Structure formats: structure tokens, C-alpha cells
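Below is one structure, written out as C-alpha cells, with a few remarks after it.
Read-outs: derived from the displayed coordinates by stated rules, not from any lab. These numbers were taken from a predicted model, which means no experiment stands behind them. A quick note on method: Cβ atoms are made from the backbone with ideal geometry, for glycine too, and the neighbour counts reach across all protein chains shown.
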Ligand SMILES: *Cc1c(COP(=O)(O)O)cnc(C)c1O
């Protein structure tokens, strides 16, 4: 069997790419990629090369299998696996920027990405301008002669604002600037930024790609050889690589990515519809609902809306806390993208460090709630939400 990436369907690639049974080199014909724990690889003679692996930080057979699979998911030429989403992001920044360079970034980025920009990379004299990139013309206006990178995330967290990837890519192409898209929230199954003009896709594979809330990881996909070589060089030089066992777990997760995403989406649509009709709910934000202000854009650039829903209930922050604490099936936890449903109150949890006034100005009110809808039975999830809303 030979797996020729591009002509196969998503689920077929997710299952087979990188894991073709190996009948050569002493391979046992494993159907599942073995976990190669060895940190170093021997050669027969001093003057003979190794079989292609020297030291696991540089290349490991299990991580390589995952990296091939990751590339296939985004229809990219190359994939790289890191020890976390933020390790992947740091390595991209270290690969592409020099002191004095300027970045234009979406003002609604994941908090950890903003912390990395504002408190780590800013110390090395990188300049950052945040704009509301859901309006692509604001990205164009923010570009300076020293702008090297545009960094967006769509949909954003927790307000689920979308950026028009094609429109932003049109701008970055014109100015010869690299466009990075964080595709964590939709996974490659629902959105393929490279096909819309992005140069690099980054994921926290801790979320949907891994999918089981049991392995941290970050991935980078690109089809640009020169970008790949720069990032690959620093992946080894900096060393934040994904370990073999974690690579195996991530591959195991990827095999069910399509059916999980379909179920997350179906459950989320049902729950968003239920919430929208509930008298205790003030507002529901979900790109798959016609009421979302960018519903048309969601229809154009994505094939589904994922499992994250944000909504606002009537009442005070204490009412919101009481609602969360009365739920039985939604764990009160940060993160998203796992098979189990999670719920969080940004004002008291993920965004608690932002002063109330600034928070509210950005739409994060005291009763704004974010759920990551899992793949349980939707009727059970809806019944749980209904009983907690009654209280
Ligand atoms: C979680 C997350 C990250 C960071 O990834 P880690 O794996 O936690 O380091 C980056 N971007 C988004 C959108 C995320 O949700």
C-alpha cells in the first residue's frame, strides 16, 4: 500500500498517513506506528551513515510519523510537532523575526499568545500592533515598512469573532509579509488556512487534534520550503520537541478527528439552538447560527463551526457562578476540544487578570460563559443545562 496524500479523503489520511506498515529495515509490519523511545541511534561503522536518525531531538521515527500525518491534515507539504502550542509559537517567532521587526496581531488572540508577545518577545525589541483583524482593512492600515508577520486566530476566544483569511492573505501577499493563522479552534477538518492563502498554520494540538485532554502538544504546518527549513532548524536548535509517547497519543487522537469534529459540531448546533430559545439566556454567540454577525463568512471559509459556544445569561456574576456549579456533566475547567464537555466563566477564570472595565469594553461581561461541547449524547447535555438554568 502506498499513501499518496492529496487524493485521499480526510479520514483516510488521518488514519493511514505516516503509518504504512514497514516490511523493510527489520520492520515487523506494525499497523500502528511503534513508539520509538530511543534517544540515540547507532551506526554500523564510523564511516557509514545511520539509517536516517541520529538523536531524537533532531528526528525520531514516531514524531516523524506524526509530522507526516499533521502535514496531510492541512494538505501541507510539511508538518512539525512541538511540546506545546506555545512552544510551536515561540519557535515560529524565533525563526522569522529579528530585533526591530514589527508584528501585526489580532487583538482577540489567545491570552497565552498575547503573554508571549507582550512579556517575552517584547523584551527582544519586537514591535507589536494589535488591531481588530475581523476587519481586514485595519490590518492593511497597520502595516509598516518593518512588518514581517501578521498573526491571526479565527474564530477567536471567547468571543468567536472571525477573520477573513483570504482577505488578510491578499494584504500580506501584496507586502511580502508572512501570515500565520492559529487554527486550533476549528481543527483542519473544518478550516484549511493554507488553502485560503496563509503561509503557516499553528495549532495547540492539546485541543481538538489530540482530542482527549490527555496530551499537550503544538503543531506547525506549511508548504513553503524556506519557512519550513528555518523553523525545522530551530525546532532542533531550541529543542521544544514532542516526545515519542506524546506523538503516539496525538496520532491515536487524530485517527478519530473527523468523527469527533462532526459530533462536536452537531451537538454544538443543537445546544446553541436550545440556548437561543431559553428565557434565561440573553445572547448566544456561535458562528454556526444565522444570528452570528459573520455567519456568511463562516459559511464561506469553514465547513463547520466546531464545539465552542459562548453565551450570556441574565442576572449577576453570582447567578452565573450558581449556574456553573449546578451542572453535573460540564466540568468546570479551562481548555477545550476534548471528548468531554467543559464550561468556564471568563470573568472569573481565564480573563480574571484583566481589569473589569477593560474586560467589559471587550465584551467579556460578568455573565458571559464559554462551553466546550464534548461528544456525549446531546440530549443529556441539554437536560443538564436546562436543570441548572432553572436554578
Ligand atoms: C491552548 C491554546 C494555545 C496554546 O497551546 P498550549 O498547547 O496550551 O501551549 C494557543 N492557541 C489557542 C487558540 C489555544 O486555545
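Worth a mention:
- Rounded to the nearest 10 degrees, the angle from helix 165-175 to the longest Cα principal axis of the chain is 60 degrees.
- Rounded to 10°, Cα long-axis angle of helix 225-238 versus longest principal axis of the chain: 90 degrees
- Chain lengthening between residue 259 and residue 30 when straightened (0.36 nm per residue, less Cα-Cα): 80.0 nm
- Build a GNM of the chain with springs between Cα atoms under 10 Å apart, and of 46, 281, 32 the one that fluctuates most is 46.
- Angle between the chain longest axis and helix 378-390 axis [Cα atoms, degrees, rounded to 10]: 40 degrees
- Helical content of the chain, expressed as a calculated mean residue ellipticity at 222 nm, amounts to -10500 deg cm²/dmol (DSSP H runs of 4 or more residues, -39,500 (n - 2.57) each, divided by residue number, nearest 500).
- Mean Cβ count within 10 Å, highest first, over the residues of peptides 135-142, 147-154: 147-154, 135-142
- Of all the options 87, 76, 28, the one that moves most in a Gaussian network model of the chain with Cα springs shorter than 10 angstrom is 28.
- Relative contact order (percent, whole number), the stretch 112-231, Cα cutoff 8 Å, 6+ residue spacing: 17 percent
- Once the C-beta distance of residue 277 and residue 326 is scaled by a Förster radius of 22 Å, the resulting FRET efficiency is 0.65 to the nearest 0.05.
- Per residue, the average separation of C-alpha pairs within less than 8 Å and at least 6 apart gives the stretch 265-329 a relative contact order of 35 percent.
- Gain on full stretching of the segment that runs from residue 245 to residue 226 - 0.36 nm per residue minus C-alpha separation: 3.9 nm
- Translational D in µm²/s for the stretch 3-254 (Stokes-Einstein at 4 °C, 1.567 mPa s, Kirkwood Rh from C-alpha pairs): 69 µm²/s
- Value of Rg to Rh for the stretch 257-390 (Rh from inverse mean 1/r over Cα pairs, i.e. Kirkwood): 0.95
- Virtual spin-label span in nm between residue 170 and residue 387, 7 Å along Cα→Cβ: 5.1 nm
- Length gained when the stretch residue 44-residue 22 is fully extended (0.36 nm per residue, less Cα-Cα span): 5.8 nm
- Length-normalised contact order of the chain in % [C-alpha pairs under 8 Å, at least 6 apart]: 15 percent
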